[in-house]
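Student: This is the structure I want to talk about, given as structure tokens.
All of the numbers you see were taken from the coordinates with simple rules; none came from a lab. Note that the structure is a prediction, hence the values are computed from the model and not measured. For neighbour counting, all protein chains shown are included, and Cβ atoms are generated from backbone atoms with ideal geometry for every residue, glycine included.
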Amino acid sequence: MRHVFVVVGSEAQLRESPPEVLTGDAENQRRVTWYACANQDDPADLLDDANGIVAKLARSPLLAYRFYLLIHNTRLWSGKRPLILIRGRGFVSRLAAYAGTWGGGDVVMLCRNSEAPLGPTRYLLRPDGKLELRTD
């Protein structure tokens with residue numbers, strides 16, 4: 001089973017539905033949504049919507065560490081590298097991309113022609129839902 005973590009950092013991302021990720025060989029998936037806030041059961045006060053850089057910097061180390069542990073423990077438990085689906089280039093997307101990479105996950109970013117993927121991005125998600133290995 002392959003785990004797919006969908007990162008949500010703002011109210012706009014919370015409202016839109018995440019794209020479907022198709023992995024090879026009809027592999028089973030477990031889709032988990034990770035909210036960049038203090039309480040995963042109540043996705044209020046998301047980090048990208050926080051006012052001021054001080055609030056973001058104060059909360060980001062704990063959130064990054066929690067996400068790192070989540071990815072690391074999932075990788076140890078399942079034996080496969082989890083996929084981390086990020087949608088954008090905001091602060092939370094960058095935080096999750098780096099923390100997830102350090103935890104042993106593979107970052108998946110939507111394939112858009114106008115913007116370059118973040119540094120740790122391993123896969124690009126094509127519009128048809130298939131993964132494409134990043135070559136640049």
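For (1) among the hydrophobic types (A, V, I, L, M, F, W, C); (2) more than 21 Å from Val32 (Cα to Cα); (3) part of a helix (DSSP H, G or I), each residue gets a yes or a no:
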| residue | (1), (2), (3) |
| --- | --- |
| Lys56 | no, yes, yes |
| Tyr65 | no, no, yes |
| Leu76 | yes, no, yes |
| Leu85 | yes, no, no |
| Gly88 | no, no, no |
| Ala97 | yes, no, yes |
| Pro117 | no, yes, no |
| Pro127 | no, no, no |
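Student: Another question, then. Please find, among Arg122, Arg81, Arg126, Arg66, the residue that is touching a Cys at 6+ places or on another chain (Cβ under 7 Å) and over 23 Å from Arg15 (Cβ atoms).
Tutor: Just one listed residue meets the conditions, Arg126.
Results for (1) closer than 23 Å to Pro117 by Cβ; (2) of a type in the set (A, V, I, L, M); (3) touching a residue at least 40 places away in the same chain (Cβ under 8 Å); (4) buried (at least 17 other Cβ atoms within 10 Å of the Cβ), shown as yes or no for each residue.
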| residue | (1), (2), (3), (4) |
| --- | --- |
| Leu22 | yes, yes, yes, no |
| Ala44 | no, yes, no, no |
| Leu70 | yes, yes, yes, yes |
| Leu83 | yes, yes, yes, yes |
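Student: A further question follows. So for the range 51-67 (the condition being of a type outside the set (Lys, Arg), under 16 Å from His3 (Cβ atoms) and surrounded by 13 or more Cβ atoms within 10 Å (Cβ to Cβ)), does at least one residue qualify?
Tutor: yes
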